[in-house]
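To keep things clear, I will list the structure first and then write my remarks on it.
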Amino acid sequence: DGVQIIRINRPQKKNALTSVMYRELISAFDDGDADPTVSAHVVFGLKGVFCAGNDIGEFLSFAQNGGMPLEAILAFLGKLPVIEKPVVAGVDGIAVGVGVTMLRHFDLVYASPESFFSTPFLDLGLVPEAASSLLMPRLMGHQRAFELLVLGEPFSADRARECGLINEIEPSSGLEERALSAANRLARKPPEALRLARRLLLGDPKNVLDRIKLEADLFRERLTSPEAIEAFQAFVEKREPDFSKLTKGD
């Protein structure tokens, strides 16, 4: 009924995104935007997990030997502000890192009571991405954005709704039905009026794209920093990172 469903489906790694998955996501949005029978996109994860962020194993490989092509990640981040048709998301369970920051680019977000939202960029020696350093303070104010993006404090579904990150909290059993119902309503709207209204609300994407580029430059630099390498190794080895062993200035 005019709705394209995109499902993140890598349960063995809690839907952590790989370079291949980023390219598939870009392709799906491109195909849906180009398809005249599609009026809206819906993004789902799985029961209990929406997206655990980036694949840390790939990040560690890049940090150690440059083995991860960042182009796919950066291309996906650059795609988010210029998706042409409305995007609805249903979040059930874990949303981490880019699994959170991508939501700020979507138009309607529904989440289950069990969902929680976490952006541990600083804990990994990195910086925020997907223009979250620009968009999150606009949405929720500096202090709450700092709490989420810098302190790395996880947000409950109630907290996320209070901050405007999600629209409604729905029981897990009816979450996908609620998101699809909203997307179906959008699909029945006059398509050109829908496109124009959405673009007016989003505004010119130039500032957002500029911030994505600035964040990406810093993110790329940070990926090979001693702090990031220690954080990635600690994550893979399931231990606490020890930043005290790094020399001052690293």
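Report the rotationally averaged projected area of the chain based on its alpha-carbon convex hull, in square nanometres.
13.2
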Amide H neighbours of residue 6 at under 5 Å, excluding residues fewer than 5 places away on the same chain, with H built from the backbone geometry, are 42, 43, 44
Between the modelled labels at residue 217 and residue 172 (7 Å from Cα along Cα→Cβ) the distance in nm is 4.4
For the range 116-250, the Debye formula with one identical point scatterer on each Cα and no solvent gives log10 I(q)/I(0) at q = 0.18 Å⁻¹ as -1.16
With all protein chains present, the range 66-179 has a carbon and sulfur share of its accessible area (1.4 Å probe) in percent of 54
In the structure shown, of 79/206; 13/245; 213/245; 14/213; 14/85, the pairs separated by more than 24 angstrom at the C-alpha atoms are 13/245; 213/245; 14/213; 14/85
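If we count every other residue with Cβ under 14 angstrom of residue 73's Cβ, Lys/Arg +1 and Asp/Glu -1, where does the sum land?
Numbers: positive: 23, 79, 213, 220, 222; negative: 24, 55, 58, 71, 129, 215, 217.
Taking every Cβ under 14 Å from that of residue 73, the sum is -2.
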Of 171-183, 228-240, ordering from highest average Cβ density within 10 Å down gives 171-183, 228-240
Over the range 179-235, the quotient of the Cα radius of gyration and 2.2 N^0.38 Å is 1.93
Burial-style ranking of 139-149, 71-81, 102-112, average other-beta-carbon count within 10 Å with highest first, yields 102-112, 71-81, 139-149
Probe 1.4 Å, heavy atoms of protein chains only: per residue, the accessible area of the chain in Å² is 48
Magnitude of the Cβ-charge dipole (Lys and Arg +1, Asp and Glu -1) of the chain about the Cα centre, nearest 20 debye, reported as 380
About its Cα centre, the range 161-242 carries a charge dipole, from +1 on Lys and Arg Cβ atoms and -1 on Asp and Glu Cβ atoms, whose size in debye to the nearest 20 is 720
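The values are calculated or read from the model by the stated rules, or taken from the named source; none is laboratory data. Source: prediction; values computed, not measured. Ideal geometry is used to build each Cβ from the backbone, glycine not excepted, and the neighbour counts take in all protein chains shown. The area values use the complete protein model at the heavy-atom level, side chains included, leaving out ligands, DNA and RNA. Shrake-Rupley method; radii C 1.70, N 1.55, O 1.52, S 1.80 Å.
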